[in-house]
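Worksheet: the structure to be examined is printed underneath.
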Amino acid sequence: MTSRKVHERWDEDDVRIRPGRTKSRPRTKERPAHTEAETGMVVAVDRGRFTVALSSADDEIAMGQRVFAIKSRELGRKGIVVGDLVDLIGSDTSGTDDLARIVRRQERTSNLRRTADDIDPVERIIVANATQMAIVTSTADPEPSFGLIDRALVAAFDAGIQPILIITKTDLASADALHAMYGPLDLPVFTVTSRIPPPELHEALRDEITVVLGHSGVGKSTLVNAIVPGSVRSTGHVNSVTGKGRHTSTSALALPLVDGGWIIDTPGIRSFGLAHVDADQFIRAFPDLEPGIANCPRACSHDEPDCGLNEWIQQQPANVQDRLLSLRRLLTAPTRASAEVADSY
Ligand SMILES: Nc1nc2c(ncn2[C@@H]2O[C@H](COP(=O)(O)OP(=O)(O)OP(=O)(O)O)[C@@H](O)[C@H]2O)c(=O)[nH]1
Ligand SMILES: [Mg+2]
Ligand SMILES: [Zn+2]
């Protein structure tokens with residue numbers, strides 16, 4: 001009881017008046033040694049409770065101790081998501097039921113955002129500080145969704161995160177259509193046959209913080225289990241009638257990689273709303289179409305009669321023509337136009 005009281009006084013009197021300071025604060029008589037702030041990475045979030053991997057003595061967060069924590073009042077409404085680096089106090093909770101308290105969120109190097117649909121004003125941060133996005137798609141069960149892949153690519157470029165594409169279940173159906181569509185991009189593509197990831201994928205994950213995204217049932221957790229020894233993420237079956245997954249994973253979890261880096265498994269997403277991205281940024285996710293925009297008028301929307309792509313596309317192979325259709329589908333998503341109207345109010 002007394003130790004909890006001390007925490008609260010420390011929070012109110014000290015933390016708030018010294019914002020922005022990390023570690024090594026001068027000690028005062030009142031402050032017990034165990035309230036020194038420690039740094040860690042949030043690896044899981046569950047209804048207001050955070051699992052934080054602490055940095056151990058050699059500053060290696062990955063293998064350090066895990067503690068449960070809650071947000072302290074100083075954070076206000078600041079969101080904390082998986083991948084956040086946080087400072088916390090009271091982490092020496094051995095032998096007590098006390099939770100540690102997150103007193104500060106460190107600056108993020110990236111924010112991966114999505115909205116529920118293209119007009120949803122509420123942005124959700126999926127993960128913080130990811131350096132790489134693995135977009136997972138299966139060849140079948142469920143069928144690939146080019147729209148979701150394109151949307152994830154747009155979000156990755158917007159967030160400054162390197163995208164990679166992982167095609168699973170190549171034992172069930174051919175990956176040719178996916179290769180034809182995404183092969184021409186400067187996008188690393190990996191294939192997983194019968195749940196066995198190729199060695200090059202391990203290489204691509206090394207020292208990166210990779211967030212794994214895709215529809216339910218594409219095999220994200222199966223992949224994470226194959227990559228991280230000892231990981232036992234639950235996996236589910238795909239409904240043979242609807243071809244849909246069962247949303248087996250219900251929250252994100254970051255797992256450390258043996259060779260360095262992290263992989264973050266996430267729950268299956270149904271859609272990837274892009275209300276937060278300006279439409280003129282979409283073309284960045286379509287670098288294969290860029291040669292075609294040289295003759296566009298200024299501020300071309302790339303979906304208008306004068307767009308340079310209209311003429312250029314006539315000389316292109318079918319797969320590139322499909323890509324232009326994909327871009328235009330994104331640009332004219334039914335909800336997009338109304339989103340722009342809503343924004344101007
Ligand atoms: N045939 C085949 N099946 C696979 C492969 N990879 C995964 N699966 C199966 O696909 C099903 C769904 O896998 P999960 O790993 O649970 O999929 P998930 O993407 O994590 O799904 P959510 O957690 O619901 O988002 C399981 O039955 C896996 O065994 C593969 O390469 N080949
Ligand atoms: Mg899963
Ligand atoms: Zn254009």
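The values are calculated or read from the model by the stated rules, or taken from the named source; none is laboratory data. Here the structure is a predicted model, which is why all the values come from computation and not from measurement. We place every Cβ from the backbone using ideal geometry, glycine too, and count neighbours over all the protein chains shown. We work out accessible area using only protein heavy atoms, side chains counted, and drop any ligands, DNA or RNA first. Shrake-Rupley method; radii C 1.70, N 1.55, O 1.52, S 1.80 Å.
Anything in the stretch 300-316 that is open to solvent by 70 Å² or more (accessible area, probe 1.4 Å) and either touching a residue at least 12 places away in the same chain (Cβ under 8 Å) or in a loop (DSSP other than H, G, I, E, B) (or both)? List them, or say none.
Correct list: Pro305, Asp306, Glu311.
Do you know which residues across the stretch 243-297 are part of a strand (DSSP E or B) and either on the phi > 0 side of the Ramachandran plot or within 16 Å of ligand 2 (Cβ to nearest atom) (or both)?
Correct list: Leu253, Ala254, Leu255, Ile263, Ile264, Asp265.
If you go through the stretch 223-234, how many residues are surrounded by fewer than 20 Cβ atoms within 10 Å (Cβ to Cβ) and near ligand 2 (Cβ under 10 Å from one of its atoms)?
Residues in the stretch 223-234 being surrounded by fewer than 20 Cβ atoms within 10 Å (Cβ to Cβ) and near ligand 2 (Cβ under 10 Å from one of its atoms): 3 in total.
Return the total of residues in the stretch 235-247 being open to solvent by 30 Å² or more (accessible area, probe 1.4 Å) and more than 8 Å from ligand 1 (Cβ to nearest atom).
So the count comes out to 5.
What number of residues within the stretch 156-201 satisfy the criterion of being surrounded by 19 or more Cβ atoms within 10 Å (Cβ to Cβ) and touching a Phe, Trp or Tyr at 6+ places or on another chain (Cβ under 8 Å)?
Matching residues across the stretch 156-201 total 8.
Which ones in the stretch 127-142 are within 13 Å of ligand 1 (Cβ to nearest atom) and either at negative phi or open to solvent by less than 20 Å² (accessible area, probe 1.4 Å) (or both)?
Result: Ala134, Ile135, Val136, Thr137, Ser138, Thr139, Ala140, Pro142.
Just to be sure, is Thr250 loosely packed, with under 13 Cβ neighbours inside 10 Å and within 17 Å of the chain's Cα centre (by Cα)?
Yes; evaluated as a whole, the condition is true for this residue.
Hey, can you tell me all the residues within the stretch 252-296 that are within 16 Å of ligand 1 (Cβ to nearest atom), under 13 Å from Val212 (Cβ atoms) and hydrophobic (A, V, I, L, M, F, W, C)?
Residues satisfying the conditions are Ala252, Leu253, Ala254, Leu255, Ile263, Ile264, Ile269.
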